[in-house]
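All of the numbers you see were taken from the coordinates with simple rules; none came from a lab. As the structure is a prediction and not an experimental result, all values here were calculated from the model. Glycine gets a Cβ as well: all are built from the backbone with ideal geometry, and neighbour counts include every protein chain shown.
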Amino acid sequence: MTDVYTAHIDTFAREHLPALEAQPDFLFELPGLQFPERLNCATELLDRHVKEGRGDRPCVSAPGGPWWTYAELQRQAERIAHVLVKDMGVVPGNRVLLRAANKPMLVACWFAVMKAGAVAVATMPMLRTKELKQIIEKGEVGFALCDQALRAELDELVLVMPVLQRVVCFGDPSPDGLEALMKRHDFRFKNVETAADDTCLFAFTSGTTGQPKATMHFHRDVMASCMGFPPHVLRAEAGDVFIGSPPLAFTFGLGGLTVFPMHIGASTVLLERAGPPDLLAAIAAHGATVCFTAPTSYRAMAAGAKEKKISARDGGPLRKCVAAGEALPAATRALWKEATGIEIIDGIGATEMFHIFISADEAQARPGATGLAVPGYRARVVDEMGNTVPAGTIGRLAVQGPTGCRYLDDTRQAEYVKGGWNYTGDAYLQDADGYFHYQSRTDDMIVSAGYNIAAVEVEDTLLRHEAVAECAVIGVADEERGQIVKACVVLRPGHRGDAAMVKALQDFVKASVAPYKYPRAVEFREALPRTETGKLQRFRLRSSA
Ligand code: 3UK
């Protein structure tokens, strides 16, 4: 290896990259994908605008404030970078956990981590102690920046996890709070000159086993994501106001609500609460023009969107809508188009790929199809041997592009990447015109309202309840959520399978793991179908569901 430049002093990320031969092939054919050896994505996404005279343009805001220009976000991020380095002792390559709902301060913290050359580990606000502990262990996370409102779990963990050295909270009024520490520093901070291939973030994904996997993305990957879907499919402009629901800890949200708008000097409105009614109201209140959310959210907003006249057709602001996270039903596309006149831009993305790699713009969209490979990416539908199948045949989706899967120290790398191609775990077919049509997941993942839920993790939780003898968790089709979590439960003798028990089990799951994982359906059974060797036959439960 000749190219060994790195700014990382803590080389944990580099040491835990998959072996070169286990990584996918990366394609850099597209213009704009030839990156210099040294690249810090904060310089490109934030500082460049200030340097080129766009510092006064609106950048990031939230319903209750604050409202920051590019220059103001830069000042905030630079003061936090000083806190990271001087007060907390963060060195380049250290992992910094971020824990907050979507809000401007979270964006400032994210850029501070980039500037300091550290590795951002953003976490979903609804995660509980159990999940946070797994993330801190796996990522050997030494530091955390957290919203005061969500600090309880981290306060608990810092006492029992020696690896976690320091937690600093914003919104904390004490002298140790982030804002108090920021006041002691100047805003000028010289960005660490990271290598284009220094890891800048770990994005966690729950996988099928419930054992979280950390995907590793470089500064280069964040910039590469700006060169594909945004200019070729989305085509937003500097005057656009982005808004949406996905958490910034989910790369769908990080790209759509921070990286993409800032790459083009546009602005973004961040919502702590972004359920359909909140999102709808916020689009109208903030004049949002570009929306990123899940298919189910468009479905739920359709009637209100029409009534409130939020679309450009009806004199409102909204002009572009992106759906991802799960398949977009043709019925939802039609419903939204009728309500707003807007053709949804569907796109399949994955945490492993950072963002969307198959999509179609408004003019190319076809109901029931996800679209075509985004420029910079290649996609194929293949059989078990990795050979391309004929048009119209269902097979496994395999993709390549400028981004790709690198799991942190994980044997499952070999399942996602084979022969240089990324296998997303989706069954797809390609039609005669080249459009890709989603069929299903090839594994046991449950995708409910855009959340990936691993059956075994819910099973594991239910099995901790005193009344549960055996259980099996499956995904069952649901019109609104795509799938819902269903638990088939065998009770221990002496317990009754009634409505009170259903509620007790649901509450138990909600209190133990992130609440979105709870079984919306519970069925009590005498026994579970198993093979002679005792293996659970999930497919039998699914066919009887
Ligand atoms: C499914 C879709 C059909 C598919 C994501 C946009 O969802 C994202 O990442 P995840 O790692 O899940 C990946 C899996 O979700 N999926 C996503 N989008 C679609 N299925 N149609 C779609 N449009 O199974 C995929 O393999 O949570 C989405 C951008 C960034 C992301 N991380």
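Just want the answer: with Cβ charges of +1 for Lys and Arg and -1 for Asp and Glu, which residue in Gly171, Val50, Leu397 is farthest toward the dipole's positive end in the chain? The residue sitting most towards the positive pole is Gly171. Around the Cα centre of the chain, unit charges on the Cβ atoms of Lys, Arg, Asp and Glu (plus for the first two, minus for the last two) sum to a dipole of about 840 debye.
Specify the inter-centroid distance of the range 296-341 and the range 432-482, based on alpha-carbon positions, in whole Å. Here the answer is 26 Å between Cα centres. For the range 327-367, GluC sites (Glu not before Pro) are listed when DSSP marks them as loop and at most 16 other Cβ atoms sit within 10 Å of their Cβ; the list is Glu362. Once each part is reduced to its C-alpha centroid, what is the distance from the range 353-369 to the range 144-207 in angstrom? Comparing the Cα centres of the range 353-369 and the range 144-207, I get a distance of 36 Å.
Which length gain, in nm to one decimal place, applies between Glu338 and Glu272 when the Cα-Cα distance is subtracted from 0.36 nm times their residue separation? Before the final figure, lay out each step's value.
Numbers: separation 66, 0.36 × 66 = 23.76 nm, distance 2.86 nm.
That works out to 20.9 nm of additional length.
Summing +1 for each Lys or Arg and -1 for each Asp or Glu among the other residues whose beta-carbon sits under 14 angstrom from that of Leu234 gives -3. Projected onto the charge dipole of the chain (+1 at Lys/Arg Cβ, -1 at Asp/Glu Cβ, origin at the Cα centre), which of Tyr435, Thr296, Phe35 gives the Cα projection farthest towards the positive end? Of Tyr435, Thr296, Phe35, it is Thr296.
Near Ala334, once Lys and Arg are set to +1 and Asp and Glu to -1 for all other residues with Cβ below 11 Å from its Cβ, the sum equals +1.
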